[in-house]
Amino acid sequence: MTMALERFETVRTSERLGEVGAAWTDLWRRSGALVFQSHAWISAWWASAPDRERRALAIVLAWRGESLVGVMPLATVRRKGLRVLEWAAKECADFGDALLAPGTDRDLVRRMWRHAGQAGGFDLAYLNRLLPGAAARALIDSPGGGIRLRLNHREEANWRVRGPWKSGAAWFDAQSKKTRQNYRRGQKFMSERGALAFRLLGPEEPLAPVLEQLTTFKRAWLAAHGLDSTAFYDEGSQALPAMVEVLRETGLLHAFVLECGGAVVAVSINFVQAGAMMAFVTTYDPAAERGSPGMVLMMDYIMWSIDHGLQTVDFLCGDEGFKGRFGTENLTLASLMGARTPQGAAAHFVDRAHHALRGRFGKPAAPVDTAPAAEAVS
């Protein structure tokens, strides 16, 4: 039997994005991909993005007959005079990748990329946060539409907690004496100010008050550390509630809180996929910092996860200090870059030259934009 020829399409409008929702969602469910590559996630990001005027959709779909067999969720953003092609929802997705139907050869990724290059509309491509097994790694040094993507010098870390522990208590006992003491000291300090309770929010509990508290904590934490806010936490932004609603509707959401005297002092918005507890956004009340509420909450949900049969706790993207202290496995997230126009080629050249000079003088490369991952836990 002859396989149907592939037909490629570039989604550039909100209307078309909505029309392909059912087919995309069916493909996502069959593929077992992370929520970051789901239609619901990309649509929620696009609907809530506060700076839509400088962005455009460039999502590549691959069809065989009436069946959707591949999605490359891309978008462009205007940055410093350049049109940069990147993963759609990059600001709120810790891992980027293409979405393929089960059993599909990864060469389809190359053909989708070729279509993206021929469709144009960008100067420079930058695809980052690629896990070691990402399908998009098939694009390394593979020309598409005349655009060759090469490994970029920027790498990011993905720390995970994974081990042979039979219970949360066994994991706790395996920690250093200092870590166990710090946990108990934090609990004791907060308990002196009110009854301390760690709990998973129930499915019927309203999320809005918790997210409002989380945003308040996060802004205070960013201000205290001299950092700028992001779209997730700007006043009036609907980005975070939109993404959390996707997690709730897909049944993946696990929202944990630590309460002291009935008041929330730390929040962690997590989700569970592929046998892993994934920590999406964690924050705490800076006013309670002496009790290390973020650290206490994190250790509590790690123990909860192990007790509930989850093999891995994934801290997602970022190399914050606490992740390295608790993580037992560290994966490197790669990035790819390639130019399509003379302006893009000039920017790519400057990027490589800048990195070479910084390396020559012993300075690390400048970091790229980071997703709203958990900040350093006290």
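General remarks:
Each row is one residue, and each column tells you yes or no for (1) touching a His at 6+ places or on another chain (Cβ under 9 Å); (2) aliphatic (A, V, I, L, M); (3) modelled with pLDDT under 95.
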{"site": "A279", "(1), (2), (3)": "no, yes, no"}
{"site": "E289", "(1), (2), (3)": "no, no, yes"}
{"site": "P293", "(1), (2), (3)": "no, no, no"}
{"site": "I306", "(1), (2), (3)": "no, yes, no"}
{"site": "Q311", "(1), (2), (3)": "no, no, yes"}
{"site": "L316", "(1), (2), (3)": "no, yes, no"}
{"site": "F322", "(1), (2), (3)": "no, no, yes"}
{"site": "R325", "(1), (2), (3)": "no, no, yes"}
{"site": "T328", "(1), (2), (3)": "no, no, no"}
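- Among the residues here, R78 does not qualify as buried (at least 19 other Cβ atoms within 10 Å of the Cβ), of a type in the set (K, R) and part of a strand (DSSP E or B).
- Top-ranked residue in region 304-322 [being small (G, A, S) and part of a helix (DSSP H, G or I); ranked as nearest to S167 (Cα to Cα)]: S305
- Those helices (runs of 4 or more DSSP H) lying entirely in region 11-69 with at least 2 residues in contact (Cβ under 8 Å) with a residue 60 or more places away in the chain and not assigned by TED's automatic domain parsing to the domain that holds A279: 21-31, 39-48
Condition check ((1) outside the structural domain of G81 (by TED's automatic domain parsing); (2) surrounded by 15 or more Cβ atoms within 10 Å (Cβ to Cβ)) across all residues:
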{"residue": "A134", "(1), (2)": "no, yes"}
{"residue": "L151", "(1), (2)": "no, no"}
{"residue": "A169", "(1), (2)": "yes, no"}
{"residue": "A174", "(1), (2)": "yes, no"}
{"residue": "R184", "(1), (2)": "yes, no"}
{"residue": "K188", "(1), (2)": "yes, no"}
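- Residue selection: A197 satisfies the criterion of being hydrophobic (A, V, I, L, M, F, W, C), surrounded by 11 or more Cβ atoms within 10 Å (Cβ to Cβ), touching a strand residue (DSSP E or B) at 6+ places or on another chain (Cβ under 9 Å) and not assigned by TED's automatic domain parsing to the domain that holds A93.
- Residue selected from region 255-290 under the condition farther than 16 Å from L310 by Cβ and either among the hydroxyl-bearing types (S, T, Y) or in a loop (DSSP other than H, G, I, E, B) (or both), by the criterion nearest to the chain's Cα centre (by Cα): T282
- Considered as a group, the residues in region 47-64 that are among the small types (G, A, S) and at pLDDT below 95 include one that is surrounded by the fewest Cβ atoms within 10 Å (Cβ to Cβ), and that residue is S48.
- Filter pass, A33 being within 20 Å of the chain's Cα centre (by Cα) and farther than 21 Å from G103 by Cβ: no
- For region 330-347, a tally of residues being surrounded by fewer than 20 Cβ atoms within 10 Å (Cβ to Cβ), more than 18 Å from the chain's Cα centre (by Cα) and not hydrophobic (A, V, I, L, M, F, W, C) returns 3.
- Here region 291-315 is the region considered, the condition is being of a type in the set (D, E) and under 23 Å from the mean Cα position of the chain (by Cα), and the residue that is nearest to A220 (Cα to Cα) is D300.
The values are calculated or read from the model by the stated rules, or taken from the named source; none is laboratory data. Remember, it's a predicted structure, so these values are computed and weren't measured experimentally. Note that each Cβ is placed from the backbone with ideal geometry, even for glycine, and that neighbours are counted across all protein chains shown.
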